[in-house]
Amino acid sequence: MIKPLQFTVNRPPVSTNKKYATTKSGGFYVKKESKEFQQAVKDAAFAAVQKHGSWPKPEDVKQVYLEIIVFNTRHDCSAAEKDVADALEGIVYKNDKVAHPRFNEISSDGGLKRVQVMVKLLESKDYRWYGG
């Protein structure tokens, strides 16, 4: 069994309302704050993969369980989901469509605002988890 990949992003997620802005022509773009959160997720994920040592190449990952827990913020738990799932592309898996099922939760422990991420490998090119 391949152990789960776990890491913490020591900052709050960006709220859904603050993720995008509109251009003068009516288009949308991702705001700087959201890009910075995604980069923090990428950095933490990359370090976790390096430390893990046996995580498969992103292109070999076929299915993962993705768990996201948001601590000590007023954001809803789905605010972090899209940014986290997108940020893991190219590091943990090739495309976030392999991240299912997904679990999101809000928790409070009086500590720092943060996002905890756990990725459990369910299937890859050379591995299949059968439960139990």
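Values as computed for the structure displayed
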item	result
Value of [θ]222 nm, deg cm²/dmol, for the chain, DSSP H segments ≥ 4, -39500 (n - 2.57) each, nearest 500	-8000 deg cm²/dmol
Overall Cα dimensions of segment 1-46, principal axis frame, Å, largest first	51, 20, 16
Mean Cα-pair separation over length for the chain, i.e. relative contact order, pairs under 8 Å, 6 or more apart, %	37
Positive-pole candidate from Leu66, Pro13, Trp129, dipole of the chain, charges at beta carbon	Pro13
Options Ala99, Thr23, Val119, ranked by Cα towards positive dipole end of the chain, top entry (Cβ charges)	Thr23
Histogram of C-alpha separations across segment 65-132, 10 Å bin width, %	19, 47, 26, 8, 0
DSSP-assigned coil residues among trypsin sites (Lys or Arg not before Pro) in segment 1-63, each with at most 10 further Cβ atoms within 10 Å	Lys24
Cα-based helix-to-principal-axis angle, 32-52 vs the chain, degrees rounded to 10	20
Equivalent ellipsoid dimensions for the chain as semi-axes, Å, which come from the Cα gyration tensor, largest first	26, 18, 13
Ordering of 93-100, 105-112 by burial proxy (mean other Cβ atoms within 10 Å per residue, highest first)	93-100, 105-112
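A short reminder: the numbers here are calculations on the coordinates, not readings from a lab. Computed from a prediction, not measured in an experiment: that's the story for all the values here. Virtual Cβ from ideal backbone geometry, glycine too; neighbours counted across all protein chains shown.
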